[in-house]
Amino acid sequence: MIEEAKPGKITPETRKVKLLRELPLHLMLIPSIVLVFIYSYLPMAGIGIAFQRFVPTNGLFGSPFVGLQNFRTLFLLPDTWQVIGNTIFISFFKMIGGIIVPVVFALLLNEIHSKPARRIFQTMVYLPNFLSWIILSGIFIDILSPTRGIVNQGLSGLGIEPIFFLGNPQWFPFTMIITDIWKGFGFGSVIYLAALTSIDPSLYESAVIDGANRWKQTWHITLPGITSTIILMTVLSMANILNGGFDQIFNMYNPAVYSTGDILDTMIYRMGIQNAQFAVSTAAGLFKSGISFVFIVVSYYLADKLAGYRIF
């Protein structure tokens, strides 16, 4: 007798059919895999520069090995720890704001019952996410100008002295944090809007019968319903704690704000590209990558334990 395949059981025939069905999709991935291999994996051979007294004319295999000397030089530089502190400060508040603002916006947008009005607001706040920092930096430099910027003109109208947002070390990091949150909160709210759709509408109906107003419904139903998503996004964002946003800061900072606005990525760029300190800059990049890897492992572990999220 021929044994019938049980429902849900994977047989060689079903596996073959599935492979043939998905083969075109796998073939479409080949160009992307090749590009990632060329630009992400092959350059990893350059990690060895961090342990050498690198001389470009001698090449990667002809430069003398110096062990951890480049790392000692890096951490003996007077600005290294200040730059690390700037990176953590800016990244941390970008992370916190990047969670709170999208959640609040998603909750407010969820209260709009008119679909045309909701789409208009969604489109308005999504657009900045698709603009590069090259474009936005030029816009912010103009509107935040202490002489002709619209922001300082408004402050002058209120009797407040103009503020040099991009030239004052005290204001610069907060300017970076606020502008980064403004750029990305609309797109980030998509995840929370999707989470809101999974909440059972009958819970709100029961709350209305019990006399709960909109605030109580939000506090006792909506927020608990998306708590797992908030925890997941917060935990996963920990991996970027040393990514202060090179594109943004590089296009908007200047030597006057190095004390509070210089981050690891911009320091590595200046040391490696502008000052040709290839070995020390590679050591700085490897240090950053190693710490980020630890945070990635910890964040995925916490995501599994706190939110039940697994990538496999």
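Can you tell me how the stretch 152-252 classifies by the Cα gyration tensor, rounded, prolate or oblate, using a/c under 1.5 as the rounded cut?
On the way: a/c = 3.85, a/b = 1.81, b/c = 2.12.
Here the stretch 152-252 falls in the oblate category.
Highest first, please rank the peptides 264-272, 160-168 by the mean number of other Cβ atoms sitting within 10 Å of their residues.
Numbers: 264-272: 19.9, 160-168: 16.1.
By packing density, highest mean first, the sequence is 264-272, 160-168.
Sorting LYS288, LYS18, LYS94 on the 10 Å Cβ count, fewest up front, what's the list? Intermediate results must be reported in sequence, preceding the final value.
Details: LYS288 19, LYS18 11, LYS94 25.
Result, fewest neighbours first: LYS18, LYS288, LYS94.
Among the trypsin sites (Lys or Arg not before Pro) within the stretch 111-161, which fall in a DSSP loop and have no more than 13 other Cβ atoms within 10 Å of their own Cβ?
Details: sites: ARG118, ARG119, ARG148; in loops: ARG148.
Taking the stretch 111-161 and a limit of 13 other Cβ atoms within 10 Å, the loop trypsin sites (Lys or Arg not before Pro) found are ARG148.
Can you tell me the relative contact order of the chain? Whole percent, Cα pairs under 8 Å, sequence separation 6 or more.
25
If you stretched the chain out fully between ILE47 and ILE143, how much longer would it get, using 0.36 nm times the residue separation minus the C-alpha to C-alpha distance? Spell out each step's value before the answer.
Details: separation 96, 0.36 × 96 = 34.56 nm, distance 4.14 nm.
Full-extension gain reported as 30.4 nm.
What range in the chain is the longest one free of GluC sites (Glu not before Pro) that are in a loop by DSSP and have at most 16 other Cβ atoms within 10 angstrom? Walk me through the numbers on the way to the answer.
Numbers: sites that count: GLU3, GLU4, GLU111.
With GluC sites (Glu not before Pro) excluded where exposed in loops, the chain gives 112-312 as its longest stretch.
With θ taken as phi - 60° and the coefficients 6.51, -1.76 and 1.60, list the Karplus ³J(HN,Hα) couplings across the stretch 245-258 in order, rounded to whole Hz; mark glycine and proline as x.
Per residue, the Karplus-derived 3J(HN,Hα) values read x, 4, 4, 5, 5, 4, 8, 10, 8, 7, x, 5, 10, 4 Hz.
With a Förster radius of 30 Å, plug the Cβ-Cβ distance of SER206 and VAL104 into 1/(1 + (r/R0)^6) and report the FRET value to the nearest 0.05. Before the final figure, lay out each step's value.
Working: r = 25 Å, r/R0 = 0.83.
Rounded to the nearest 0.05, the efficiency is 0.75.
Along the Cα-to-Cβ line of THR57, 7 Å from the Cα, sits a label point; which residues in the stretch 263-293 have backbone N less than 18 Å from it?
276-279
Please list, ordered by chain and number, the residues whose modelled amide H lies under 5 Å from the amide H of GLN52; skip anything fewer than 5 residues away on the same chain.
VAL66
Expected output is a single nm value to one decimal: the length gained when fully extending between LEU236 and LEU223, i.e. 0.36 nm times separation in residues minus the C-alpha distance. What is it? Provide the component values of the computation, followed by the final result.
Details: separation 13, 0.36 × 13 = 4.68 nm, distance 1.92 nm.
The LEU236-LEU223 span can extend by a further 2.8 nm.
Loop only by DSSP, 11 or fewer other Cβ within 10 Å of the Cβ. Give me the chymotrypsin sites (Phe, Trp or Tyr not before Pro) in the stretch 43-135 that pass, ordered by residue number.
Within the stretch 43-135, the qualifying chymotrypsin sites (Phe, Trp or Tyr not before Pro) (loop, at most 11 other Cβ atoms within 10 Å) are PHE61.
As I understand it, the dipole of the chain uses +1 on the Cβ of Lys and Arg and -1 on the Cβ of Asp and Glu, about the Cα centre. Which of PHE278, LEU155, ILE84 lies farthest toward its positive end?
Among PHE278, LEU155, ILE84, the one farthest towards the positive end of the dipole of the chain is PHE278.
Run through every distinct alpha carbon pair of the stretch 12-90 and return the Kirkwood hydrodynamic radius in angstroms, one decimal place. Please report the intermediate quantities before stating the final value.
Values: mean 1/r = 0.0584 Å⁻¹.
It is 17.1 Å.
Using only helices, what value at 222 nm comes out for the chain when you add -39,500 (n - 2.57) per DSSP H run of length 4 or more and divide by the total residues, to the nearest 500 deg cm²/dmol? List each step's numbers first, then the result.
On the way: 14 runs with 193 residues, N = 312.
Value at 222 nm, helices only: -20000 deg cm²/dmol.
What does a probe at ILE160 reach in the stretch 168-187, counting residues whose amide N is under 20 Å from the point 7 Å along Cα→Cβ?
Residues 168-183 qualify, since their backbone N sits under 20 Å from the label point.
Among 137-143, 183-189, 209-215, what's the highest-first ranking by average C-beta atoms within 10 angstrom per residue?
Details: 137-143: 15.1, 183-189: 21.0, 209-215: 10.0.
The peptides rank, most packed first, as 183-189, 137-143, 209-215.
I'd like the FRET efficiency for ALA194 and ALA256, computed as 1/(1 + (r/R0)^6) with the beta carbon distance as r and R0 of 30 Å, rounded to 0.05.
Values: r = 43 Å, r/R0 = 1.42.
Efficiency, from the Cβ-Cβ distance: 0.10.
Pick out the long, greasy-scoring helices in the chain: whole DSSP H runs spanning 18 Å or more along their own axis by Cα, mean Kyte-Doolittle at least 0.0. Don't skip to the answer; put the middle values down first.
Numbers: long enough: 12-36 (34 Å, 0.67); 80-110 (45 Å, 1.61); 172-196 (35 Å, 1.28); 223-237 (20 Å, 1.69); 278-307 (41 Å, 1.29).
What comes out of the filter, once short or polar helices are dropped, is 12-36, 80-110, 172-196, 223-237, 278-307.
As an exercise, use a Förster radius of 30 Å and the Cβ-Cβ distance of MET28 and ILE96 to find the FRET efficiency, rounded to the nearest 0.05.
On the way: r = 38 Å, r/R0 = 1.27.
It comes out at approximately 0.20.
What does the charge dipole of the stretch 72-307 about its Cα centre add up to, to the nearest 20 debye, if the Cβ of each Lys and Arg holds +1 and the Cβ of each Asp and Glu holds -1? Intermediate results must be reported in sequence, preceding the final value.
Details: 12 positive and 12 negative charges, 29 e Å.
In debye, rounded to 20, the stretch 72-307 gives about 140.
Name the residues of the stretch 40-78 whose amide N is less than 13 Å from a point 7 angstrom out from the Cα of ASN275 along the C-beta direction?
73-78
Using the Kirkwood formula over every pair of different C-alpha atoms, what hydrodynamic radius in Å results for the chain? Intermediate values should be presented prior to the final figure.
Values: mean 1/r = 0.0418 Å⁻¹.
With all distinct Cα pairs of the chain included, I get 23.9 Å.
Throughout, read-outs are computed from the coordinates displayed, never taken from laboratory work. All values reported here derive from a predicted model rather than from experimental measurement. Neighbour counts are summed over all protein chains in view; Cβ atoms, including those assigned to glycine, are modelled from backbone coordinates with ideal geometry.
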